[in-house]
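**Student:** The structure's right below; bear with me while I get my questions together.
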Amino acid sequence: MLFPFLLSAAFAQEAPAEEPPPLVKLPELEEYVQAPYPPEAEAAGIEGTVRLLLEIGETGEVNYVEVLEPAGHGFDEAAVEAAWQFYFSPAEDANGPTPVAIEFDYGFVLEAPVEEAPDPEEPPPPAPVNLEGQVVEMGTRRPLPDIGVQLRGSSGALLDETTTDAEGRYEFRGAPIGEVVLRGVYPGYRDVEEPVEVTAGEITAVQLWIRNLSYRDDEVVGIYEREREAEVTRRTLTVEEVRRVPGTFGDPVRVIQSLPGASRSPFGTGGLIIRGANPEDSRVYIDGVEVPIVYHLGGIVSVLNADLIEAVDYLPGGYRVRYGRGMGGVVDVRTKTAFPEQNELMWNTDLLDSGGLFQGRVGKDRQIGVAVAARRSYIDAVLAPLSDTIGVSLLPRWYDYQIKIEPLDFKLGRLSLFAFGYQDRLLFSAPEDTAFTPSNLVDDDLSARYGAHRLVMRWDAPLGKNAEIRTTTALGYDDVAFNVTDDLQIFQSAPVFTMRVEVPWQLNEALLIKPGIDHQSSLYDTRVRVPFSAEQLVSFDPLAETDPTELTFDGWAASPDPFLDMELRPLKDKDTLLLNPGLRLTTLRLDGYFNTELDPRFAFQWNVGGGGTLKGSTGLYHQPPLGQDLGEGEENIDIGFEQAWSSEIGWRQRFSPAFQGDVTVFHREITDRIVTNPDFGEDDRPLSVNDGLGRVTGMELLVRRAPVDRFFGWVSYTLSRAERKDNPNDPEWYLFDFDQTHILTAVGGFDLPYDIGISSRVQYVTGNPYTPFAGGVYDIDQDVYTGYQTGLQNEERLPAFFAVDGRVDKLFTFKKWQLEVFVDLLNAITGENPEQVQYNYDFSEQAFITGLPFIPSPGFNAEFHF
């Protein structure tokens, strides 16, 4: 007998150029073709299972068949020939039928001999049900439909068989009294046998626990042919693919640093350096709401619980007009919108922190999804006792929390609520006899604090047949404090209000327009105390007396940016050519200051056939001035927006459902860059001016194999050059502080049997530029040396960075919970890897401060279902 089975309706999704709409209907097998049992295998008593990859078209026909895991003995050929004749009801998303790819196990199982019973002269009445139960997946407690359940006698002879229903239930009528054996059989699961004692006059209930041979195979990975948006380099990552990348501590956001276009930030900084842009030039969003930072202090983990993240959109350039106020890249983190039927409790612990997540459903019909997460680090507690022996040390500490409720369905629309926040604190601890400066510093003399909190409400409602309104409103509070004794202090706080309204309107099959407004406003209060005046900052004299200054910036700021995005599909085949013109008005309104700039952008995408897609974009990106760039007081604001003209063209080639390559060439021309005014102080000239220039040119390459079966991985390479000028009249360009000529990263992982996974990451990065010093001038008043340059700005480089990381993990599955243990082997093979240059007290000698040594980082994740 043959047992064909779909693998838990699990799909394998190749990360598309953009996030596809979710499936609203799974494909169902309508016409099944029985494959002949290979005679030689049948004669030899051999059973087997062939794992196939099937591509199902929009009409339900099978367009492609590939053997992922062969079984040999003639099973592969028989299964492929039968699968070509299958017919499915097609999968559907919100736009209708859509092609997908699925994994399908075609099982060949020999039929056991059936004990013959005497043929009665008259058929007896149906026997009553006296043996029933449910088949449940171990670890997840998920009821399993379509599981084959066999009833066997004590001698092993097959007495009866059935399959479970949609709720995983089975039943047998007239099971013999006494000892029998229940056997659960399903490809991809370990066969289970359970001895059962059937009692006369009673119904015996037995729950069968069956173990999945690889729980990671259940991840949904559908392959979508249609491209719905024209971002040239949108790279969407699924959580299960990236959280096992070594060195990321299971954090999907951290994997951005392993993708093309993202420069490696020095250890301990965590800034997003994308395509040669300053860290403050890139924008970070969580569910469409902008936040100040995406990483906790040190750049080790992101500010969200990894188990709550659904996907991460990484857009290094060429993004649409719904994003603005920045000249660099965009990172848009999207949290989960679907919650499990059963409640889940997850707990994670490693060397950095510990945290937990609860998610499940509540309400009368359990239609409301709820998630609550929290996390706290303890590195400060580990390092604090060591500060007396290791000298000056950094004691980082952070916490974060998230609460999400979704969805709340009403007659007029759909509502979701999301609250999240984080706070980071960094203490500089030093023993009392440590000569950190002329006056010794003690604990808490130096400290830094960052925090942000948001309450987000999203409302979606239909507007007629072809339009809808999407509104995201957020209230929040940002807080920053930096303290270096009493001489250098910065305190900043800002209540924040944001609102994003978008109205997608499908006028006809060829035209979709998306008008909207992206509004931000805040009340800011900034207090700064520095041990020098602003004039001394520009014309620094190390022999002059210090002149402490206190500055206060307060007021309100608002940026109501309207935009219009359009999608044109002019050809008969609407999936062949996509044109995306867009227009955004970037604004800034302060007390006594108002400025606007127009950002026209255009992108296209042309599916030329043969799996190839040509993509390109060009457009303007304006960035309003920030903080101290505005000057002291509204009467001194005399500064404009920074501007970047970015263009790129790319080609994506799909070689197979799981394998594709992508290459992009880009150029960014920066004008009106804000720099310090060299003439500040003369005739009330402002501190900052728009005299700076910049330029960045490069190429990105990504070759990726999606996790269709047990293997996943990618190779990314970036070649670029980023340069700056502080004045158009300067004769020479100098290298950007984080310019990295070559960035090469290779990531790979493989799932072994018994839920064991191994993965590795190899990185090679050109060293950052730095400015050389050779000697210093002694300041007798301050008792310090001030270095002077002996070369051009950033004319020398640090040695290249090279490191190999590894990871091994193992998933243990019990009846009601699962435990994953892992160890990250950070810098298992490492190069010299300097992070910065350190000079001695008088700048006459220098040495490199290197990064982390080899560090084994163990941890565990526990998941309970109830």
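The values are calculated or read from the model by the stated rules, or taken from the named source; none is laboratory data. Fair warning: this is a prediction, and the values are worked out from it, not measured in the lab. A quick note on method: Cβ atoms are made from the backbone with ideal geometry, for glycine too, and the neighbour counts reach across all protein chains shown. Please note that ligands, DNA and RNA were not included when accessible areas were found on the heavy atoms of the full protein model with its side chains. Shrake-Rupley method; radii C 1.70, N 1.55, O 1.52, S 1.80 Å.
**Student:** With in contact with an Asp or Glu (Cβ under 6 Å, 6 or more places away or on another chain) and at pLDDT 70 or above as the only criterion, which of THR49, THR59 stands out?
**Tutor:** THR49
**Student:** If the Cβ limit is 6 Å and pairs must be 6+ apart or interchain, which residue in the stretch 756-779 that is in contact (Cβ under 8 Å) with a residue 60 or more places away in the chain pairs with which residue that is among the β-branched types (Val, Ile, Thr) and in a strand (DSSP E or B)?
**Tutor:** ARG761/VAL747; GLN763/THR745; VAL765/ILE743; TYR770/VAL837; GLY776/THR786; VAL777/THR786
**Student:** As an exercise: evaluate TYR170 against (1) under 19 Å from GLU341 (Cα atoms); (2) touching a strand residue (DSSP E or B) at 6+ places or on another chain (Cβ under 8 Å) and give the number of the one condition it does not meet.
**Tutor:** Against the list (1) under 19 Å from GLU341 (Cα atoms); (2) touching a strand residue (DSSP E or B) at 6+ places or on another chain (Cβ under 8 Å), TYR170 comes up short only on (1).
**Student:** What's the total number of residues in the stretch 20-42 that are surrounded by 14 or more Cβ atoms within 10 Å (Cβ to Cβ) and closer than 14 Å to LEU110 by Cα?
**Tutor:** Looking only at that region, the number is 5.
**Student:** ASP146 passes all but one of (1) out of contact with any helix residue (DSSP H, G or I) (no Cβ under 9 Å at 6 or more places or on another chain); (2) under 30 Å from LEU752 (Cβ atoms); (3) open to solvent by less than 20 Å² (accessible area, probe 1.4 Å); which number fails?
**Tutor:** The number of the failed condition is (3).
**Student:** Hey, among the residues in the stretch 65-95 that are surrounded by fewer than 16 Cβ atoms within 10 Å (Cβ to Cβ) and under 32 Å from the mean Cα position of the chain (by Cα), which one's modelled with the lowest pLDDT?
**Tutor:** Restricting to residues being surrounded by fewer than 16 Cβ atoms within 10 Å (Cβ to Cβ) and under 32 Å from the mean Cα position of the chain (by Cα), the top hit is ALA94.
**Student:** Something else now. Out of ARG375, ARG366, ARG361, report the one residue that is basic (Lys, Arg), surrounded by fewer than 16 Cβ atoms within 10 Å (Cβ to Cβ) and at pLDDT 85 or above.
**Tutor:** On the way: ARG375 fails: surrounded by fewer than 16 Cβ atoms within 10 Å (Cβ to Cβ); ARG366 fails: at pLDDT 85 or above.
Going through ARG375, ARG366, ARG361 in turn, the sole match is ARG361.
**Student:** Okay, next question. Kindly provide the set of residues from the stretch 517-541 that are open to solvent by 40 Å² or more (accessible area, probe 1.4 Å), at pLDDT below 75 and under 22 Å from ASP478 (Cβ atoms), ordered by number.
**Tutor:** ARG529
**Student:** What are the pairs, 6+ residues apart or on separate chains, where a residue within the stretch 683-710 that is closer than 30 Å to LEU752 by Cβ and β-branched (Val, Ile, Thr) has its Cβ under 6 Å from a residue that is open to solvent by 50 Å² or more (accessible area, probe 1.4 Å) and at pLDDT 70 or above?
**Tutor:** So the pair list comes out as VAL703/VAL715.
**Student:** I'm told PHE711 meets every condition in (1) within 26 Å of ALA262 (Cα to Cα); (2) modelled with pLDDT of 90 or more except one. Can you identify the failing condition by its number?
**Tutor:** (2)
**Student:** Also, I was wondering about something else. Restricting to the stretch 391-448, give me the number of residues that are open to solvent by 40 Å² or more (accessible area, probe 1.4 Å), modelled with pLDDT of 85 or more and more than 19 Å from THR473 (Cβ to Cβ).
**Tutor:** Qualifying residue count for the region: 3.
**Student:** How many of the residues making up the stretch 720-755 are among the polar types (S, T, N, Q) and either within 24 Å of ASP824 (Cβ to Cβ) or surrounded by 13 or more Cβ atoms within 10 Å (Cβ to Cβ) (or both)?
**Tutor:** Initially, the stretch 720-755 is screened for residues among the polar types (S, T, N, Q), giving 720, 727, 729, 740-741, 745.
Filter once more, so that each one left must be either within 24 Å of ASP824 (Cβ to Cβ) or surrounded by 13 or more Cβ atoms within 10 Å (Cβ to Cβ) (or both): 720, 740-741, 745.
Matching residues across the stretch 720-755 total 4.
**Student:** Which number in (1) at pLDDT 85 or above; (2) open to solvent by 20 Å² or more (accessible area, probe 1.4 Å) marks the one condition that PRO385 misses?
**Tutor:** It is condition (1) that PRO385 fails.
**Student:** Conditions first: (1) under 24 Å from VAL762 (Cβ atoms); (2) modelled with pLDDT under 85; (3) open to solvent by less than 50 Å² (accessible area, probe 1.4 Å). THR850 passes all but one, so which condition is the exception?
**Tutor:** (3)
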